[in-house]
Amino acid sequence: MEPIIQLRNLSKSYGTFRAVDDLNLDVYRGEIFGLLGPNGAGKTTSILMMLGLTDPTSGTAHVCGYDATKNPIAVKQKVGYMPDSVGFYNHMTALENLIYLGRLNNLDESTLKDRAKAVLNIVGLAGSMDKKAGIFSRGMKQRLGLADVLIKDPEVIILDEPTLGIDPAGVKEFLSLIKTLSQQQGLTVLLSSHHLHHVQQVCDRVGIFVGGKLLAQGDIASLSAHLFGKEGAVTTIKTAQLVEQPWPLEAEMRQWNEVTAIGISGDTLEFTTRHDITPRIVRHLVEKGYGILQVSRKEYGLDEIYQKYFESSFNENLNHGKSSGIFKRAFFGQHKR
Amino acid sequence: MENQAVSSSALSSGSTKDKKYKGSSHPNRAFGVIIRKEIADHIRSWRFLVLVGLVLLTFVASLYVSVSNIRTAFTNTNDPDHAFMYLKLLTSTDNAMPPFHVLLSFLAPLLGISMGFDAINSEQNNGTLTRLLAQPIYRDNLLLAKFSSAIMIVGMLFLSLTLLMIGGGLVLTGVRLEAQELIRIMGFVFVTLLYVAFYLSLSILLSIVFRQPATAALSALGLWLFFTVFYPIIVNLVIRAFLPDPAYLTQAQVMGYNEFILDMMRIAPNQLYTDAATTLLMPSIRSLGPMSMEQMAGAIPSPLPVKESLMIVWPQLSGMIAASTGCFAIAYYLFMRREIRS
C-alpha cells in the first residue's frame, strides 16, 4: 500500500544544530500514528516540513502524493493541521472564526454556516458558538482547533500536542473523538505528543523521536518486545518486616536457573528473572516465614520504552559533552518552547 | 458524548459520499475573503476611529482657514493661480496654520504606519498566522491582502474627504469646477495614496522583520522622523563639507551643485511627495529644480496645463511607486520562505 505520508531523508538544520536528522517515515491511510518524543526533539519541525510551512535542509516530504515543499497548497487542501498553540481572532465569535476558515478553504457558501454548526456540535462547542474566541479557555480553544481541522473535511489530520492543556476528562473525550472520527471517516491521523499515555490510548503505531532522530517505530507490543525481550520479567515484593542484611536466602535463590539478579532495599525485594516465576518466588518466601504485603510484576508500557530510549540518547548526549542541565530541564518541563 | 457519535456520522455520511459543498478549488477566492475580513477588522478597530478623527480634524481646520481666506486669495491678481478656486481651497492659508497638503504630508505616513505595523507580527504572536497558512492560500495573497485592504480604506477616506470638500465649495461659493481642477485634485489624492502606500509597505516589511509590534511601529516612526527631520540636515552637512566656495564657481557649476543637492534630497519620500503635491495643486510651478536666466527669459507667469504639470511630477510618481514596490518586494522575499511557527 502506498503510504499517505512519506518522508525520505528529511533533515533540517538551524545553523549547526540539527533539529531533524535524516528522518524516514511512512504513515499509511487510515492509521493513527503517534509521534512521541521529549520537548525539542524536532516533532513540530517535522510537522511544519510536512505542510510546507518550513523548508527542509535536505530530503523530501510527500503528503497525499504531493511534494510539501514545492506544492504546499495542494497538500494543505487535503491536510488539516492543528498547531500546538492554536490562536483565534479574539474579537470574532467561535462560529465566525470557523466560517472564515471555511471560506478560505473555498467551501460552498450556502451550506457553510450549517456545516460549521455541525462541526461545532461534534467537538462539543455548540453551546458557546456565539461567544468571542478571546474568552475561550485553553481546552475550548483546543476543541475549536479540532473544529477548524474537521470543517475542511481533510484526508489527513496532523495534530501537534493536541492534549496539551486539557483536563484529564477532556483528554479522554478528545482522544476517543479522534479515534471515532478516524474509524468512521477513514481519516489518517498523525499526532505528536510527549504524553505517553495519551499516545498509548489511541495510536495504532508509534514512532519514538529523540534528538531529531526516529529511534524506533511500530506498535507498542513489538516495541516493547524489541526492547525488553532479552531482559525478561521483574517481580517486586514488599515484605512486612525489614529484610536483614546480608539476606540469608539470597545465595540460595541466586542458584535458581531463572533468576538473573536480586535487588534488596529496606523491605523491598526485586527479582529479575528470565521469565515470569512470580508464584514460585512468593510460595518460597511464604514457606520461609516472610509476611508479604505487596507483589507487583513489572509490565513494560510506553513509559518504560520511552524512558529506555530517552536514557540511551541522554547518555549519548552526555558523552558528547552537551549541557545536561538544559536538556534535563527541557525534558521535565511540561511546557513546550 | 452520547449524541456525538450520531452527529459525527451524520456529518461524515454527507461529506464522504458527495463533495458538493466544496466550491471550485481555486485558491484565489481566498484573496477576496481575506480582504473582506481585514477591511472589517480595520473599520471596527479603535485605531481606525482615532485616525479618522485626526484626518477629519485636519480637514475641517484647514478648510475653515482657507474658506475664511478664500476671498483675498481669489482676488489676488498677482498670483497666477488665483482663478483656481478649488485648488486655492486646498492650498491657501492665513499663515497661522499650514495648508491641507502640508498637514497631510505629516498625517499620511502616520496613517500608513499605523495601518501596517502589526500586520504580520500580531498574527504570529496570536498564533493565527500558523492557522491561516495551514489553509490552502498563497502566502503572497496574505501580504497583498493586508496591503490592499489598508490602501482601500485610506483611499476611500481621502476620496470622500476630497469630494466632500469639492461639494462643500460648490454649495458655499457656487463657482463652477474646472475639469483640470478636478484632474489635479484627483491626482493629488492619488499621490497622497502613493505616499501612504510607501509607508504602509515599509511598516508591513518591518512587521515581518520584528516580532514585536511595538518595535516595528517605533522603527517605522524612526525612519519617518529620519527622512523628514534628519535627512535634510545630514545632506546639507555632508555637501557643505566638500562644496567649494561658491564665489569661485561658474554659474553652471553652482547650478550643478544645487541640482545634486536636490537629487540627494529626493531620496527621501517626503521630498518626492511635497514636490508632487505642490506641483499638482499650484499650476504655476513649472520646474522643481533651479532654472537659469535663459530658461526664465520670456516666460509669462501663468498656470501650466494639466498635462505639463503631470509631466513634471512623473519622475516623483515613479520614484514613490518604486520605493513602495521595493519595500513590498523585500517583504515578499522575507515572508515567502520563512518558517511559520507560533
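What the table shows:
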| item | result |
| --- | --- |
| In region A:97-128, the residues that are in contact (Cβ under 8 Å) with a residue 24 or more places away in the chain and over 25 Å from A:Leu190 (Cα atoms) | A:Ser128 |
| Residue selected from region A:55-76 under the condition buried (at least 23 other Cβ atoms within 10 Å of the Cβ) and not in a helix (DSSP H, G or I), by the criterion farthest from the other protein chains (Cβ to nearest Cβ) | A:Ala61 |
| Filter result for the condition that a residue is assigned by TED's automatic domain parsing to the domain that holds A:Leu98, in contact with a strand residue (DSSP E or B) (Cβ under 8 Å, 6 or more places away or on another chain) and of a type in the set (Lys, Arg), over A:Lys172, A:Lys132 | A:Lys132 |
| Region A:172-203: number of residues that are within 21 Å of A:Gln217 (Cα to Cα) and in a loop (DSSP other than H, G, I, E, B) | 4 |
| Number of positions in region A:242-269 that are closer than 16 Å to A:Val282 by Cβ and either in contact with a Lys or Arg (Cβ under 9 Å, 6 or more places away or on another chain) or not assigned by TED's automatic domain parsing to the domain that holds A:Gly289 (or both) | 8 |
| Unique residue being modelled with pLDDT of 80 or more and crowded, with 17+ Cβ neighbours inside 10 Å when the list is B:Leu281, B:Leu237, B:Leu262 | B:Leu281 |
| One residue from B:Leu310, B:Leu288, B:Leu272, B:Leu317 being outside any helix (DSSP H, G or I) and within 22 Å of the chain's Cα centre (by Cα) | B:Leu288 |
| Selection count, region A:82-133, where residues are more than 27 Å from the chain's Cα centre (by Cα), assigned to a loop (DSSP other than H, G, I, E, B) and of a type in the set (A, V, I, L, M) | 2 |
| Filter pass, A:Asp153 being more than 8 Å from chain B (Cβ to nearest Cβ), outside any helix (DSSP H, G or I) and of a type in the set (D, E, K, R) | no |
| Those residues of region A:272-283 which are under 14 Å from A:Ile237 (Cα atoms) and either out of contact with any Phe, Trp or Tyr (no Cβ under 9 Å at 6 or more places or on another chain) or not assigned by TED's automatic domain parsing to the domain that holds A:Thr236 (or both), in sequence order | A:Thr272, A:Asp276, A:Pro279, A:Val282, A:Arg283 |
| Where A:Ile122 falls short, out of the listed (1) out of contact with any strand residue (DSSP E or B) (no Cβ under 6 Å at 6 or more places or on another chain); (2) more than 8 Å from chain B (Cβ to nearest Cβ); (3) closer than 25 Å to A:Gly30 by Cβ | (2) |
| Helices (runs of 4 or more DSSP H) wholly inside region B:125-225 that include at least 1 residues being under 13 Å from the mean Cα position of the chain (by Cα) and of a type in the set (Phe, Trp, Tyr) | B:139-173, B:179-209, B:213-225 |
| Residue match in region B:173-189 (condition: buried (at least 20 other Cβ atoms within 10 Å of the Cβ) and of a type in the set (S, T, N, Q)) | no |
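Residue-wise test of (1) modelled with pLDDT of 80 or more; (2) touching a Gly at 6+ places or on another chain (Cβ under 7 Å); (3) surrounded by fewer than 18 Cβ atoms within 10 Å (Cβ to Cβ).
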| position | (1), (2), (3) |
| --- | --- |
| A:Leu214 | yes, yes, no |
| A:Asp219 | yes, no, yes |
| A:Thr236 | yes, no, yes |
| A:Leu249 | yes, no, yes |
| A:Trp256 | yes, no, yes |
| A:Thr278 | yes, no, yes |
| A:Ile281 | yes, no, no |
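Here's the yes/no breakdown for (1) away from chain B (no Cβ under 11 Å); (2) under 24 Å from A:Leu35 (Cα atoms):
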site	(1), (2)
A:Glu109	no, no
A:Ile135	yes, no
A:Asp160	no, yes
A:Ser176	no, yes
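Results for (1) in a helix (DSSP H, G or I); (2) modelled with pLDDT of 80 or more; (3) within 13 Å of chain A (Cβ to nearest Cβ), shown as yes or no for each residue.
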| residue | (1), (2), (3) |
| --- | --- |
| B:Ile35 | yes, yes, yes |
| B:Val65 | yes, yes, no |
| B:Pro98 | no, yes, no |
| B:His101 | yes, yes, no |
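The values are calculated or read from the model by the stated rules, or taken from the named source; none is laboratory data. Quick caveat: nothing in here was measured; it's all calculated off a predicted structure. Cβ: placed from backbone, ideal geometry, glycine included. Neighbour counts: every protein chain shown.
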